[in-house]
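*Asks:* Sharing a structure, written as structure tokens. Questions coming.
The values are calculated or read from the model by the stated rules, or taken from the named source; none is laboratory data. None of the values given here were measured: they were computed from a predicted structure. Positions of Cβ are generated from backbone atoms using ideal geometry, with glycine treated the same way; all protein chains shown enter the neighbour counts. The protein model used for the area step is the full one, side chains on, heavy atoms only, and it has no ligands, DNA or RNA in it. Shrake-Rupley method; radii C 1.70, N 1.55, O 1.52, S 1.80 Å.
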Amino acid sequence: MTDPFPPAPATPPQPPPAFTAPAAARKPLSPLAAGVLGLALGAGLMGAVWAVSANSGSGEPATFTLEGTFTLTDRAVPDADDGCSAASDSGYDDIAEGTSVTVYGAGGDVIATGQLGTSRYTDFTCEFDIAVPDVPKGEKFYKVEVSHRGTIQLTAEEAENGELAATLG
């Protein structure tokens, strides 16, 4: 005779997996949100590049102060402030403290400007200090002009070492 009941299975049947909702579909970004996100990421990337490149330099400034003297040897007169200038009828009346000093690069372009500084009257001459800041390094030579009186050429080494010594008169 056959057993009307089949033998019990070795392991009970597992319940069906619980119902899980499908993953929510992503909503695409609006054009405005995409633009703002792109702008923020781009700005961050540029800032990082700038920070790395700014900190990777040699630490040496890319400019220098061109220093030296300018001496007027003809018709110099003392002034009331222990300085000097050119006599008013000398033809050099454009030479005084504050007169423009122009620095040209090797290509002839203006790369820095300054002015004649403090003056001293000595032995019938008038000597002015010159200190032109922010002159870019890297030129093969420099030309310096006081007022409109012509240029003096200096090597890069002379210019950076403060060896400008010009005379007029």
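*Asks:* Inside segment 124-142, can you point out the residues that are over 16 Å from ASP79 (Cβ atoms) and open to solvent by 70 Å² or more (accessible area, probe 1.4 Å)?
*Replies:* Once the filter is applied, which keeps residues that are over 16 Å from ASP79 (Cβ atoms) and open to solvent by 70 Å² or more (accessible area, probe 1.4 Å), segment 124-142 yields ASP134, GLY138, LYS140.
*Asks:* Next question. All but one of (1) modelled with pLDDT under 90; (2) open to solvent by less than 50 Å² (accessible area, probe 1.4 Å) hold for VAL101, so report the exception by its number.
*Replies:* Only one criterion in (1) modelled with pLDDT under 90; (2) open to solvent by less than 50 Å² (accessible area, probe 1.4 Å) is unmet by VAL101, namely (1).
*Asks:* Look through ASP93, ASP81, ASP109 and report the one residue that is of a type in the set (D, E, K, R) and either open to solvent by less than 60 Å² (accessible area, probe 1.4 Å) or touching a strand residue (DSSP E or B) at 6+ places or on another chain (Cβ under 6 Å) (or both).
*Replies:* Going through ASP93, ASP81, ASP109 in turn, the sole match is ASP93.
*Asks:* Only one residue in ARG120, ARG149 is in contact with a strand residue (DSSP E or B) (Cβ under 9 Å, 6 or more places away or on another chain), within 16 Å of GLY68 (Cα to Cα), open to solvent by 20 Å² or more (accessible area, probe 1.4 Å) and of a type in the set (Lys, Arg). Which one?
*Replies:* ARG120
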